[in-house]
1. Taking the solvent-accessible surface of protein heavy atoms with a 1.4 Å probe, what is the per residue accessible area of the range 2-196 in Å²?
2. Quick one: among GLY104, GLY43, GLY21, which has the greatest mean-square fluctuation in a GNM of the chain with alpha-carbon springs under 10 angstrom?
3. Springs between alpha-carbon atoms under 10 Å, Gaussian network over the chain: tell me which of TYR174, TYR88, TYR19 tops the mean-square fluctuations.
4. Using helices alone, I'd like the mean residue ellipticity at 222 nm for the chain: each DSSP H run of four-plus residues gives -39500 (n - 2.57), total over residue count, nearest 500.
5. Compare PHE147, PHE12, PHE87 in a GNM of the chain, Cα atoms joined below 10 Å, and give the one with the largest fluctuation.
6. Straight distance only, please: which lysines reach the Cα of LYS34 with their own Cα at less than 25 Å, same-chain residues fewer than 8 apart left out?
7. When the Cα atoms of the range 2-196 are enclosed in a convex hull and the volume is divided per residue, what value in Å³ results?
8. Taking square-rooted eigenvalues a ≥ b ≥ c of the alpha carbon gyration tensor, is the range 96-207 rounded, prolate or oblate, where a/c under 1.5 means rounded and, failing that, a/b exceeding b/c means prolate?
Amino acid sequence: MFTYFTDRDGKFQLTMLSYSGFAPLAQSMNPMLKEESFHLGTGHDGLKRIVRAGVVPLNIVQKYINKWIPVSLDLFGVDHSSSAHWFYVWGLKGRYDEAQTQQGADLGHMNEHSRGLFYLECKKLIDQINKYVPADQPKLYVPDERFNRHIGEFADEPYSASGDLLPAAKYEEYMRGAVPQEEDLDLILQIQQNEPKWVASKGAMEA
Ligand SMILES: [Fe+2]
């Protein structure tokens with residue numbers, strides 16, 4: 001999950017710096033992006049192989065998604081960021097989609113813009129993983145953008161993964177069912193020790 005989602009924030013930040021007006025910085029991004037792509041591939045193929053093997057319970061997989069996507073959304077920084085505004089104006093950073101977009105930058109929402117593109121990318125990737133989820137099981141999903149956030153407009157608000165605002169008194173109990181607990185980790189470690197086929201082999205992937 002870390003290499004899948006959190007390194008993906010790295011890909012976004014490096015891409016934004018690849019448009020920097022400071023050429024030595026911009027030019028050092030391509031080799032770093034290449035390196036990052038190996039990490040992202042490990043995350044994507046790894047999760048695909050785990051889901052395909054069908055041994056790790058999908059509700060635990062979902063809990064780890066619920067942990068790591070919000071952490072990664074937080075990494076894009078605060079909403080209405082004035083530093084993101086000035087980094088753009090001073091030419092230190094571009095937008096993630098700088099090369100593709102014809103639109104002017106929305107300077108008051110620079111972090112929100114890249115965070116939104118990241119969120120869409122996560123959704124597309126989880127859709128791909130869902131092809132390996134058996135028909136009789138619930139599909140994996142990307143939690144609501146407001147869920148489990150610690151930075152930005154929705155920081156520490158009791159939103160559920162489906163985007164409902166919960167009563168504060170019920171939130172703690174809800175979260176125990178929504179993000180990994182010690183017993184989930186114990187179960188995963190047991191599975192890894194006792195079930196050699198917890199992850200599908202590489203060669204079996206597209207069979
Ligand atoms: Fe990385």
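1. Dividing the accessible area of the range 2-196 by its residue count gives 55 Å².
2. The residue with the greatest mean-square fluctuation here is GLY104.
3. Taking springs between Cα atoms under 10 Å, the residue moving most is TYR174.
4. Calculated from helices alone, the mean residue ellipticity at 222 nm is -17500 deg cm²/dmol.
5. Judging by the Gaussian network model, the answer is PHE87.
6. List returned: LYS11, LYS48, LYS93, LYS123, LYS124, LYS202.
7. Measuring per residue, one finds 137 Å³ for the Cα hull of the range 2-196.
8. oblate
The values are calculated or read from the model by the stated rules, or taken from the named source; none is laboratory data. None of the values given here were measured: they were computed from a predicted structure. What goes into the accessible areas is simple: the full protein's heavy atoms, side chains included, and nothing from ligands, DNA or RNA. Shrake-Rupley method; radii C 1.70, N 1.55, O 1.52, S 1.80 Å.
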